[in-house]
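The values are calculated or read from the model by the stated rules, or taken from the named source; none is laboratory data. Values in this document were obtained by computation on a predicted structure and should not be read as measured data. No Cβ is skipped: glycine too gets one built from the backbone with ideal geometry, and neighbour counts run over all protein chains shown. Surface accessibility is based on the protein's heavy atoms, side chains included, excluding ligands, DNA and RNA. Shrake-Rupley method; radii C 1.70, N 1.55, O 1.52, S 1.80 Å.
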Amino acid sequence: AVFRRYLQAMNVVRPVMVALITANVINALGNYMLVYGRWGAPAFGTNGSAYATLAARIYLAVFLFAVIWWRERRTPSGLHDVPFALDLGRMRKILWLGVPAALQITLEVGVFAMASSLAGRISPQAIAVNQIVLNVASFVFMIPLGLGAAAAVRVGQAVGRRDPVGVRLAGKSAFLLASAFMIVTAIGYLIVPRQLLGLFTADDAVLRMGTTVLWVYGALQLFDAWQVVFTGALRGLGDTRTPMILNFVCHWLIGLPLGYWLCFGRDWGVLGLWLGLSVGLTIVGIVLAAVWRARSRATSYVTA
């Protein structure tokens, strides 16, 4: 993860993509070989899956380290000149930025994990609907997630060169691209929801229930894109605490309680859960957009 972020910050992203794709291939082949005992390997069962994942992770780390080493030999960036010594002051700064970012991710992932747990208390069909819609939403979410990571890098680089116009343009570009993509996919949810859900199940009850849930999320997923893009842009400004606080308040104090009440209090089932979560995402997206607008217009971050 450290090697990947370093390379992204240096605008080296294609080798990272290649590394991740090939690591997944290694993981898949390793699972096939070690779980079932193919190609002369012993059959380890579920333990074989762990061995395959371990091998893929080691490969990924070695691959990315090799990319850094090769790049530094061709175009030195000064990395070799950094002393390999303990710098407590710099480590404190890294922790000051990193811990809130880690907590923000934990809060966001955790609220959907909690929703999955609650769906398990409804019915088998509700569990299936929740998981299938989550799979579809997570797959589509990868695009704005990547744009948010790009926004963090580009905004941070603009801050480094003291370019307030570049800061705003980087954030605006990521915002417009993510918004356009999510609007297009939302239209897809509206037009062909059963075809998308049909990739996972043929159960008619699950398809009917899942269609409604997918429409609800699709109507509000634009704000999900906003929150991840502006979270990345604010990271480029060095602000990781605001997204963390907003994720806690909007997801855990508003979205999840609302979803719980709609699900069990109003008997809306899994639709109520997703409606509550979507409301939380909407509030996070709108507030982060306002925070970014205010922070990006204040030029103190490039004149200090």
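Exposed loop sites are taken as chymotrypsin sites (Phe, Trp or Tyr not before Pro) in a DSSP loop (any state but H, G, I, E or B) with at most 11 other beta carbon atoms within 10 Å; the longest stretch of the chain without one runs 85-304.
Would you work out the relative contact order for the range 142-214, in percent, from Cα pairs under 8 angstrom that are 6 or more residues apart? If you can, show how the numbers build up before the last one.
On the way: 35 pairs, mean separation 17.5, N = 73.
Relative contact order for the range 142-214 comes out at 24 percent.
Want the number for VAL165 to ALA102: 0.36 nm per residue separation, take away the alpha-carbon distance, what's left?
Values: separation 63, 0.36 × 63 = 22.68 nm, distance 2.88 nm.
Between VAL165 and ALA102, full extension yields 19.8 nm more.
All other residues whose Cβ lies under 13 angstrom from that of GLY156 are scored, Lys and Arg at +1 and Asp and Glu at -1, for a net of +3. Say the dipole of the range 166-304 comes from +1 at the beta carbon of Lys and Arg and -1 at that of Asp and Glu; which of ALA289, GLY210, ALA225 then lies farthest toward its positive end? With unit charges placed on the Cβ atoms, the residue in question is ALA289. By the helix-only formula, in which each DSSP H run with n ≥ 4 contributes -39500 (n - 2.57) and the sum is divided by residues, the chain has a 222 nm mean residue ellipticity of -27000 deg cm²/dmol. Simple spin-label estimate for ARG57 and TRP215 gives 4.3 nm between the two label positions (7 Å along the Cα-to-Cβ direction from each Cα).
Dividing the convex hull volume of the alpha-carbon atoms in the chain by its residue count gives 168 Å³ per residue. The length gained on full extension between SER123 and VAL12, counted as 0.36 nm times the residue separation minus their Cα-Cα distance, comes to 35.3 nm. Applying 0.36 nm per residue to the separation of SER77 and ILE21 and subtracting their alpha-carbon distance, the gain on full extension is 17.5 nm.
Along the range 274-288 the Karplus relation, 6.51 cos²θ - 1.76 cosθ + 1.60 evaluated at θ = phi - 60°, assigns HN-Hα couplings of 5, 5, x, 4, 5, 5, x, 4, 4, 5, 4, x, 5, 5, 5 Hz to successive residues, with x for each Gly and Pro. The order of VAL291, VAL165 by accessible area, most exposed first and with a 1.4 Å probe, is VAL165, VAL291.
So if I average 1/r over every pair of distinct C-alpha atoms in the range 93-229 and take the inverse, what Kirkwood radius in Å does that give? Intermediate results must be reported in sequence, preceding the final value.
Working: mean 1/r = 0.0600 Å⁻¹.
Final number for the Kirkwood radius of the range 93-229 is 16.7 Å.
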